[in-house]
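What follows is a set of notes on a single structure, which appears directly below.
The values are calculated or read from the model by the stated rules, or taken from the named source; none is laboratory data. Not measured: the values here are computed from a predicted model. All Cβ positions, even for glycine, are placed from backbone atoms using ideal geometry, and neighbour counts span all protein chains on display.
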Ligand code: GLU
């Protein structure tokens, strides 16, 4: 290199430093899409932000939380770039990735997974007065299935279909947000509602603690066994009745469930995703204390239940820490992900 070129390069470096520094110091803001304020997604968004925002100066990243319509809304908002991060049910992540249900024929190739979080149970609650003790008893009743944009609307429909109940003909279906459902039940404007959610949560506490006596209804039997065979993303689940001492139930309630997952878009910078994964996993015991629904979480479990390829920022952390050995290798290839039907 000639002396002149050396001087030019050095000058360039000198000039670059102040710009580089001022650029690096700029704070970035990113938002996590969650769900209704009485669910578990909303406090989960809060828990994740809390871990990262303690170190905002280090990462130049501040996370904020938005209450939203739920899983489907969050996935769509992340893909369109309206939100940077979102929480979504594992079954909804799979459907978006594969182009099923709301995304029929439109696989969401930009969707990236980060980790999974707490288990969610398909929860059906009904007033005792309605006489609903099992899914077939829903016939002729006013049932809130969930709002468009929520994850649980499709779970409610899957359950009804499995039992041969027609949404239009056999029940009076409502499509209100989960956050409104406990009050509607207490006001006797509906007989029952579906909500796919982690336990314990404020929503089911509210629904079971009012004047109107409420029961959590089991979702079980041969139609459910068939459903489990048809859709691999459902698994058996139990709702511990100890969480809701005011409910009419005496025993834990069998049902089916999915998992909450944390998702983003391929367009979101690697450093942001890395910062989030590092703060949650490096301070795992502290994170677990932020919500009782996380009590059984393990790092290994948090790498299961994902369908969209992992974001490179997450892969970087899992490689660094050796956790990568628990990751399905198909999630490491952005062109692969989990196989679709
Ligand atoms: N699973 C629900 C949904 O996807 C949200 C549950 C929650 O907010 O905890 O819409």
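Contact annotation: residue pairs with Cβ atoms under 7 Å, 6 or more positions apart or on different chains, pairing a residue in region 192-205 that is farther than 23 Å from residue 129 by Cβ with a partner that is in a loop (DSSP other than H, G, I, E, B) and more than 10 Å from the ligand (Cβ to nearest atom), are 199/240.
Checking each residue in region 248-276 for being touching a residue at least 40 places away in the same chain (Cβ under 8 Å), in a loop (DSSP other than H, G, I, E, B) and farther than 30 Å from residue 55 by Cα picks out only 248.
Just to check your reading of the model, which residue among 189, 157 is at pLDDT 95 or above and surrounded by fewer than 17 Cβ atoms within 10 Å (Cβ to Cβ)? Give the derivation first.
On the way: 157 fails: surrounded by fewer than 17 Cβ atoms within 10 Å (Cβ to Cβ).
Answer to the check: 189.
For the residues 89, 108, the requirement of being within 17 Å of the chain's Cα centre (by Cα) and more than 17 Å from residue 268 (Cα to Cα) singles out 89.
Taking first residues from region 70-83 that are on the phi > 0 side of the Ramachandran plot and partners that are more than 8 Å from the ligand (Cβ to nearest atom), the Cβ contacts under 7 Å between residues at least 6 apart in sequence or on separate chains come to 81/265; 81/267. For region 109-152, the tally of residues that are within 16 Å of the ligand (Cβ to nearest atom) and over 28 Å from residue 200 (Cβ atoms) stands at 1.
Considered as a group, the residues in region 70-83 that are surrounded by fewer than 22 Cβ atoms within 10 Å (Cβ to Cβ) and part of a loop (DSSP other than H, G, I, E, B) include one that is nearest to the ligand (Cβ to nearest atom), and that residue is 82.
There is at least one residue in region 137-148 that is surrounded by fewer than 24 Cβ atoms within 10 Å (Cβ to Cβ), touching a residue at least 24 places away in the same chain (Cβ under 8 Å) and closer than 30 Å to residue 266 by Cα. Taken over region 171-200, residues that are within 16 Å of the ligand (Cβ to nearest atom) and in a helix (DSSP H, G or I) amount to 5. Each residue in region 201-216 was checked for being assigned to a strand (DSSP E or B) and either over 23 Å from the mean Cα position of the chain (by Cα) or within 10 Å of residue 246 (Cβ to Cβ) (or both), and 2 pass.
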